[in-house]
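All remarks here apply to the structure that follows.
No value in this document is a laboratory result; all are computed from the given coordinates. These figures come from a predicted structure and were not determined experimentally. With ideal geometry, Cβ positions are generated from the backbone for all residues, glycine too; neighbour counts draw on all protein chains shown.
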Amino acid sequence: MSIRRSTKSRRAVAAVSLTAALALAISGCGTDGGGKTNDVGSSPSSAPSKSSDENKEAKQEDTAAGDNVDPNVKLAEVKGDGLTLVINQVKRDSGGFVTVQGQIKNESDETRNTSTWAGTESTVSSRNPNSVAGATLVDKTGKKRYYVLRDTEDRCLCTTSIPPLLAGRTTPIFMQFPAPPSTTTEVDFTLPSFATASLKISG
């Protein structure tokens, strides 16, 4: 099953501003020496914000998935609220990113709302409604938490505009994070409303 959709226009915008966003993320990577987990990539971008009228007119494009992945490959499976999240691929890219791809299936008898997956940060959830922008990776060894990458307009590099998930239906998802150090090969993945999954990074 192919879960690739056209995201060229969205990725063109992201490509222009991603360097700045990644630089901002990396600037917060230092540990505080107190044993706490530091946040990486959570700071908002410094690009000028659009007016409220422009924001209302802006359309949120759907970005369902990146590369084709084999849905039969199951790296991890976690459940939450009648849903099952399966991770199919966790890949380190040469550009300094980690891409996580998977699928969410509604195994309940009722339609499930997808809005909680965008997280609780108001700026992120408003610019990326019904997305998986609330996902995080945690490097327990390096004591760092990594957030989904965003461009200078706070639009995430992840699946967005996910409609309510009908009973028995499955939706593909993807998200990109700043890459942990090359010595980090395993991270904890969390998406709001789901249990935490331990993932091994390939590539």
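What net charge is computed for the residues neighbouring K200, neighbours being all others with C-beta under 13 Å from the C-beta of K200, Lys and Arg scored +1, Asp and Glu -1?
0
Return the FRET efficiency for the residue pair S202, T84: r is the Cβ-Cβ distance, R0 is 35 Å, and the value is rounded to the nearest 0.05.
0.95
Determine ³J(HN,Hα), in whole Hz, for all residues of segment 161-167 in sequence, where each value follows from phi through the Karplus function 6.51 cos²θ - 1.76 cosθ + 1.60 and θ = phi - 60°; x replaces Gly and Pro.
6, 7, x, x, 8, 5, 4
What residues have an amide H closer than 5 Å to that of V69, excluding those fewer than 5 places away on the same chain, when H is modeled at 1.01 Å from N in the peptide plane?
Counting only residues 5 or more places away or on other chains, the set is I3.
Rounded to whole Hz and in sequence order, give me ³J(HN,Hα) for segment 185-198 from the Karplus expression 6.51 cos²θ - 1.76 cosθ + 1.60, θ = phi - 60°, writing x for Gly and Pro.
With coefficients 6.51, -1.76 and 1.60, one gets 10, 9, 9, 9, 10, 9, 10, x, 5, 10, 5, 7, 10, 8 Hz.
I need to check one value: relative contact order of segment 107-181, counting alpha carbon pairs closer than 8 Å and at least 6 residues apart, in percent.
34
Please give the FRET efficiency for D109 paired with S182, using the beta carbon to beta carbon distance and R0 = 35 Å, rounded to the nearest 0.05.
My answer for the efficiency is 0.20.
Label D39 and E77 with points 7 Å out from Cα along Cα→Cβ: what is the distance between them in nm?
3.4
Could you tell me the calculated FRET efficiency between T123 and F97, based on Cβ-Cβ distance and R0 = 30 angstrom, to the nearest 0.05?
So the FRET efficiency works out to roughly 0.90.
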